[in-house]
Amino acid sequence: MTKQQKFLTMNLFLLTFVLGTSEFVMVGLLSEVALDMKITISAAGSLVTFFALSFAIGTPVFTALFSRFSKYPLILTLIGVFIVGNIITAISGSYGLLMVSRVIAAVVTGVLIALAMAVASETMPIDKRGPVISIIFTGFTVASVLGVPLGTFIGQWGGWSMAYWFTTTLGIVSLIACFATIPRGLKGTRSSLKKQLKLFAYPRIVLAFFIPALSIAATYSVYTYLAPLLENVLFVPARYISLVFLLYGIVSIFSTLIGGKLAVYDGMGKIRYVFLAQAVILASLYFTSGSLVWGLVSISFMALVVYLMNSTMQLYFIDWADQHVPEARDLASSLTSVSVNVGIAMGSALGGYVTTNMELIDISWAGGIVAVLAAVLALINYGLERGARSSTLKEENGQHGQYEGSL
């Protein structure tokens with residue numbers, strides 16, 4: 001890669017780090033928000049759910065609508081809106097205003113992620129796309145390592161709103177970096193929303209969309225309520241909870257990086273086994289929660305598998321659009337992150353239901369069941385892909401035979 005491409009990669013990494021910190025820091029501050037707003041922990045958890053739902057609904061629509069604009073001014077404008085959304089979050093004095101501000105931030109976050117992936121796929125060498133995309137996804141992972149624990153610490157020290165003044169500052173830094181490094185010449189694609197949404201007319205795209213959604217739902221049924229689980233089941237003192245989030249984030253860095261390598265070597269053929277391992281790991285927490293050490297081991301393995309499928313699915317959607325619906329390339333770039341946020345919404349909602357109606361630790365085996373469903377969908381999708389490739393190969397061989405016969 002050229003020096004300019006390397007700088008661009010690091011900037012897109014910074015952007016996803018900032019977006020990830022803003023999105024995920026709420027998970028570490030549920031207790032503080034619930035206490036300050038005088039709401040239940042499940043109501044505070046619904047902030048995570050509605051952020052994810054807004055992300056999932058708004059991202060494909062606004063990505064398709066904005067795809068006609070040049071990427072440089074569009075990215076700068078959206079980061080500006082992101083900064084405003086975080087300021088509103090920081091000054092929110094009511095639960096309603098807080099919810100509205102998170103919805104605004106969610107929609108903008110989704111479109112920015114799609115644009116970051118599109119910029120990377122358009123500007124990087126073909127053989128570097130997988131590793132570069134994994135680096136961009138690593139921004140979310142490092143957000144878990146540094147951003148979320150630091151934001152959680154700031155929120156516990158100075159009040160939860162201080163955490164969002166922190167993310168506002170990060171947004172300003174990212175705006176300056178994007179101003180300096182995003183290429184000016186990346187034009188938009190003039191296409192109607194209707195034409196781009198034809199991407200969803202392909203059953204395999206719809207099927208593939210729910211693979212990462214179910215996998216992330218499995219993890220987030222536990223992760224959304226990790227702070228209260230640590231405090232009330234594993235009996236971790238509140239002052240050490242940010243350190244556990246730090247441990248989780250450090251391990252998940254390896255998940256993203258391994259996922260980049262997995263994407264290069266037939267990732268679609270392997271991820272079903274990843275989901276089965278994920279199911280076992282999540283269910284194991286039910287049995288290891290009686291021990292602080294073994295409980296933390298289960299949580300560490302949960303982090304190790306959470307992002308293994310990201311790069312594989314991202315390249316799958318982009319390559320599919322290139323072959324079948326080229327005008328929907330930007331929309332395809334958004335599908336992994338949209339699917340992930342559908343999964344976050346599903347997982348946090350499932351976790352909320354379980355914590356309300358069952359024991360808190362029951363979120364572990366509930367998540368394990370959802371991971372098994374992800375493995376089943378991955379197996380079905382891989383079988384369909386192999387069948388399609390086989391049919392294409394037979395058709396090409398038949399055409400080649402007819403050509404030789406005509407000679």
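The values are calculated or read from the model by the stated rules, or taken from the named source; none is laboratory data. Just so it is clear, the structure is predicted and the values come from calculations on it, not from any experiment. All Cβ positions, glycine included, derive from the backbone under ideal geometry; neighbour counts span all protein chains shown.
The residue that is surrounded by the most Cβ atoms within 10 Å (Cβ to Cβ), counting only those in region 265-303 that are farther than 13 Å from residue 367 by Cα and of a type in the set (Val, Ile, Thr), is 271.
Kindly indicate whether residue 87 is in contact with a Pro (Cβ under 7 Å, 6 or more places away or on another chain) and under 27 Å from residue 220 (Cβ atoms). Explain how you work it out, then say what you get.
Working: in contact with a Pro (Cβ under 7 Å, 6 or more places away or on another chain): no; under 27 Å from residue 220 (Cβ atoms): yes.
Considered against the rule, which asks whether it is in contact with a Pro (Cβ under 7 Å, 6 or more places away or on another chain) and under 27 Å from residue 220 (Cβ atoms), residue 87 comes out as no.
Do we have residue 245 as closer than 25 Å to residue 203 by Cα and surrounded by 20 or more Cβ atoms within 10 Å (Cβ to Cβ) here? No, not satisfied.
Test residue 136 against the criterion of being within 24 Å of residue 60 (Cβ to Cβ) and at pLDDT 80 or above, and give yes or no. Explain how you work it out, then say what you get.
Values: within 24 Å of residue 60 (Cβ to Cβ): yes; at pLDDT 80 or above: yes.
Judged against the criteria, residue 136 is a match.
Checked against the criterion of being modelled with pLDDT of 85 or more, of a type in the set (Phe, Trp, Tyr), farther than 25 Å from residue 380 by Cα and out of contact with any Asp or Glu (no Cβ under 7 Å at 6 or more places or on another chain), the candidates 287, 254 yield just one match: 287. For region 8-15, the condition holds for at least one residue, the condition being that it is of a type in the set (A, V, I, L, M, F, W, C), touching a Cys at 6+ places or on another chain (Cβ under 8 Å) and modelled with pLDDT of 85 or more.
Of the helices (runs of 4 or more DSSP H) lying entirely inside region 24-127, the ones with 2 or more residues being within 22 Å of residue 355 (Cβ to Cβ) and in contact (Cβ under 8 Å) with a residue 40 or more places away in the chain are found at 30-37, 41-66, 95-123. One residue is enough: does region 146-159 have a residue meeting the conditions at pLDDT 80 or above, of a type in the set (A, V, I, L, M) and either crowded, with 23+ Cβ neighbours inside 10 Å or more than 23 Å from residue 238 (Cα to Cα) (or both)? No - not one qualifying residue is present in region 146-159. For region 1-23, the candidate set comprises residues that are without any contact (Cβ under 8 Å) to a residue 60 or more places away in the chain and either within 15 Å of residue 114 (Cα to Cα) or among the charged types (D, E, K, R) (or both); within that set, the residue that is surrounded by the most Cβ atoms within 10 Å (Cβ to Cβ) is 6.
Restricting to region 318-341, give me the number of residues that are of a type in the set (A, V, I, L, M) and surrounded by 24 or more Cβ atoms within 10 Å (Cβ to Cβ). Spell out how you get there, then give the answer.
Step one: list which residues in region 318-341 are of a type in the set (A, V, I, L, M), which gives 318, 321, 325, 328, 331-332, 335, 338, 340.
Of the ones still in play, those that are also surrounded by 24 or more Cβ atoms within 10 Å (Cβ to Cβ) are 328, 331-332, 335, 338, 340.
Residues in region 318-341 being of a type in the set (A, V, I, L, M) and surrounded by 24 or more Cβ atoms within 10 Å (Cβ to Cβ): 6 in total.
Taken over region 85-97, the residue count meeting the criterion of being more than 17 Å from residue 175 (Cα to Cα) and buried (at least 24 other Cβ atoms within 10 Å of the Cβ) is 1.
When residue 220 is tested against (1) over 24 Å from residue 137 (Cβ atoms); (2) crowded, with 23+ Cβ neighbours inside 10 Å; (3) of a type in the set (Phe, Trp, Tyr), just one condition goes unmet, and that condition is (1). Somewhere in region 189-208, is a residue in contact with a Gly (Cβ under 9 Å, 6 or more places away or on another chain) and of a type in the set (Val, Ile, Thr)? Checked against the condition, which is being in contact with a Gly (Cβ under 9 Å, 6 or more places away or on another chain) and of a type in the set (Val, Ile, Thr), region 189-208 yields no hits at all. The residues on offer are 176, 205, 172, and the sole one that is touching a Phe, Trp or Tyr at 6+ places or on another chain (Cβ under 7 Å) and not small (Gly, Ala, Ser) is 205.
Scanning region 210-251 for residues that are touching a Ser or Thr at 6+ places or on another chain (Cβ under 9 Å), outside any helix (DSSP H, G or I) and modelled with pLDDT of 85 or more gives 225, 233, 234. Inspect all residues belonging to region 121-137 and state whether any of them is under 21 Å from residue 36 (Cα atoms) and either surrounded by 20 or more Cβ atoms within 10 Å (Cβ to Cβ) or among the aromatic types (Phe, Trp, Tyr) (or both). No, region 121-137 has no match at all.
Being among the hydroxyl-bearing types (Ser, Thr, Tyr) and at pLDDT 85 or above, is that true of even one residue in region 78-93?
Of region 78-93, the ones among the hydroxyl-bearing types (Ser, Thr, Tyr) are 89, 92.
Retained after the next criterion (residues that are at pLDDT 85 or above): 89, 92.
The answer is yes, given that some residue of region 78-93 is among the hydroxyl-bearing types (Ser, Thr, Tyr) and at pLDDT 85 or above.
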